[in-house]
Structures are given as C-alpha cells and as structure tokens.
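Only one structure is covered here, and it is reproduced in the block below.
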Amino acid sequence: VECNEDNNIVAINMPSNHVSGSIISELGLLSNLKYLALNHNQLGGQLPDALGELTSLTYLALQYNALTGDLAPWIGVYSDLRLLGLSNNNFGGTIPYQWNSLESLETLGLDDNKIGGNLTTLESVADNLQQLYLGNNDFTQVLHQVQWDKFFKLQELDLSSNHIKGTIPTSLVKLSGLEVLILSDNSISGKLPEIRQQSSDDPTLKYLALQKNVITGTIHPSIGELDALIHLDLANNSLMGSIPHQMGSMTNLKYLFLSQNPQFEAGGIPQFLLKLTDLEDLSLMKSNRVGEIPSNVISKLTNLVLLDLEDNDLTGNIPTTISQLTNLKFLMLNRNQDLSGIVPEGVQQLPRLDIFMIDRTSLEGDLNTLCSGTQRKPEVVGADCQEDPDIDTPLMSCSCCNVCCSSYNANEDAAQGLTNTTSECRDKVYIGQLDPEWEESYQRKEYQFDGRTFSKSDIINSTTTSP
C-alpha cells in the first residue's frame, strides 16, 4: 500500500498473495486510488459497482482470479485508465459500448474468459492501444469488418481460440508497429496475404502465429523480408505450393512450424534451413517432404530442441550428424515408411532426449545403446518392436520402448479386410503442435510488470510514502 504526501492511499499492490473471497465495496471509498493490482489471487464473485467511484484509476490488474459476471459498463468511467487486466477469469457478456470513453487505454487483457460479440466497440479507443489480448473467448468477428487502420499504435494482438472468420485483411498486416500477431485456432479462410516488412530501417514483426485455421494459397516469397521474425507458425492449414527459399533470410527465427499442410508441393527438406542456425523448434510434420534427410542441413542446426519430421515420405538413412544436436529433446522421425538402415549409436546417445519416435519406418536393428547405456533414457521411445504373427521377428529390438508398434502396413491390411490390435499405436501423436503456451518465447508485457510498458511510479505520479 502506498500513500501520497497527504496520506491518501494511491496504490494497492497485492499480486500473488493468496487473497481469497470477494472484492470489498469499501475500496470504492479510496477516491485518490490510481493503482490497483490484485492479480494472481483466488478472488471470486462479481466486481462491486462501488469500484465505479474510483475515477482516478490508471492501472487495474485483476487477471488470474475466479471473478464472474458480465463485463461492467461502469469501467467506462475510468477515462485515465492505461492498463486493464481482466484475463483468466470467468467474465462473460460483450464489450460494453460505455467503454468507448477509455481513450487513454494502452493495454487491454480480456483473454481466457467467456466474452463474445464483436470487436468494433474497440475502434473508438484504438488511438492509444498498444497491447490487445482477446484470446480464448467467444468472439465471432469477421476480420475485415474491423477498421484496423485505426489501431495505428498497436504492437501486440492476440485473437487466438475464438470464432473469428473471414480473410486476413491487408490493413491488419500493414500496421507499421506490429510486433506480435496471433490469430491461431479460428476459422480464418482465404489466401495467405502478402506480408512484407513495413520498414527496412526498423523491422518490427517478431511473432506470427496463424496455425489451426483454413488458410489456403501459397506462401509469398516476400515473407523472407521479415528478418526480425523469431516465431513463425503456419501449421495445420491448407497451404499449397513450394516453401519459398527466401525464408533463408529470416536468420533470427527460433521457432518454425510448417507442419500439417499436406497440400504443399512435394519437396525435400529445404536447403535454406542451414542458414537458420538459431532454430530451436522445427516442425515439418506431414508437409509432403520427400527424399533423404540432408546431412549438411542437420549439422548446422545445433540449437535444435525439437525436430519433427513425422508422417512424410522421407527415404534413406538417419544421418549421423543428428548426433551433433546435443540440445535435442524431441525427435520424431516416425511414419516415414521408407526411412531405412540402422539407428546410429551417436543418435542413441543424445544426452537430453525426452521423446524419440521411429515407428512405422523400415529401420532395423536394435536400440541397445539407448536402452542399456548409463545416460538418462527418454521418457517415451517408440519403435516397430511389437511381436507380429505374420513375421518371424520385429524390425527393431528395443527393451526400453514404452510404445512398441508392429511393422505391418496398416493400409494394405485394411484393404484386405484384416485387423490388427496394434493399429491404435499408429494413431498416437506425442508431439503435435507446439504453441506459445508450450514455449514461452513470447511473454505478454502486462503480465511482467517490469516497466517495459510503464512503471507504477509513472502511474502514481506523486511523492509517496509507505504507511
């Protein structure tokens, strides 16, 4: 609790203090209060109307509680409010039109609630908005119905896991200050727009996540201009054409997900990847990759934590250069029927492996080095080591496999009307799509309270003493 020189309370800062119960109405008597942070507690119930008396508030953080009820119209009286954090509660309803007066608002967090309606209400408060987090709600907006050019200061936008429809408007991707754009897990359709860097002198876009939609068309070569991009996720769409070699210019990429786009033009593991030496996560699962795994590319990607090449048409042997990827935790080479040979010992000795999947391949031999070595063993190992009545011995010998599959061809058996109890083994996906919740490469500013957006002292803007 902090007071000004007249001993009026101007700030209450009690995040993560195990505070429970409901928010008391008496807080509304603190007419000089500018800063109220009760986030990350166990508060429940509805917001008391008495909080509408706190007309001096510039900072209200109530996220990560169990608050309920519709969004309160009286929040619109906070004309000086710069940050409103209501995320991760149980709020419902729609954004009230009375919020039109929140013209000072810079950060708005409403994600992880049950809020619906559309977004056009926010156009009237767009002038100063920099961070807008609306993910995991029930918004039903058609994207091009929003006048995105009004949000000219917007830096971070999260609309993931809603019911957003329509195509991605050019006015949105052309916002010059945009750093984070997350539209994943919606019903967005149409072609992927041409996305260019808006300023070569000061590139901004760092995080682009469009996965789990129904986006079609090709990836335009101009995407290579996004040389500040760290995270790119286009997985689980209906993209076509080739993967443009211009992506080799995106040398700051750490997370690249192009998986589950089976309509991509057939092609090998892209050679441009050898330029992306900062990559930590690479997923090309079910992306119509053919040919051998290029040894020269793998040898350059020594920072990889995730390598997912599952469910393609890769051939040849596992390159020994994978043994150089000592940071690797997740290695999925399974469901590549013509991947053959033996598993190199160096790969079996990778020190940090947690998941290693090589089932439904033509790999043979044993995993004795992996199973009997002194190093820590992966949590999940999958191979074609299941006893099968139609063959003398399994393709693989693996005493430590906890996912033991049969080497039979499920499609051929199904065509002959045969069944096999191990077919369910084929349907397990142990690492599907890794998203921002898995890898916290992107941290929301209003959840850090580290002064990058604005500091508490700036908000209080007065000499304070501690009572």
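The values are calculated or read from the model by the stated rules, or taken from the named source; none is laboratory data. Predicted, not measured: the structure shown is a model, and the values here were computed from it. For neighbour counting, all protein chains shown are included, and Cβ atoms are generated from backbone atoms with ideal geometry for every residue, glycine included. With ligands, DNA and RNA removed, areas are computed over all heavy atoms of the protein, side chains included. Shrake-Rupley method; radii C 1.70, N 1.55, O 1.52, S 1.80 Å.
Computed 3J(HN,Hα) for segment 271-285, one whole-Hz value per residue from the Karplus formula 6.51 cos²θ - 1.76 cosθ + 1.60 where θ = phi - 60°, is 5, 5, 4, 5, 7, 9, 6, 8, 4, 10, 10, 10, 10, 10, 3, glycine and proline marked x. Per-residue 3J(HN,Hα) values for segment 365-375, derived from phi via the Karplus relation 6.51 cos²θ - 1.76 cosθ + 1.60 with θ = phi - 60°, read x, 9, 10, 4, 4, 5, 7, 10, x, 8, 6 Hz in sequence order (x marks Gly and Pro).
If I take R0 = 51 Å and measure r between the Cβ atoms of Q246 and T369 in this structure, what FRET efficiency does the formula 1/(1 + (r/R0)^6) give, to the nearest 0.05? So the FRET efficiency works out to roughly 0.80. Beta bridges per DSSP, both residues in segment 1-122: antiparallel share near 10 percent. Between the C-alpha center of segment 219-298 and that of segment 88-164 there is a gap of 31 Å. Within the full protein context, the accessible area of Y35 is estimated at about 10 Å² for a probe radius of 1.4 Å. Would any residue of segment 275-312 have its amide N under 18 Å from a label point 7 Å out along Cα→Cβ of R376? List them or say none. Within reach of a label on R376, which here means backbone N under 18 Å from a point 7 Å along Cα→Cβ, segment 275-312 contributes 304-307.
Were the residues from S104 through T216 laid out at 0.36 nm apart, the gain over their Cα-Cα distance would be 36.5 nm.
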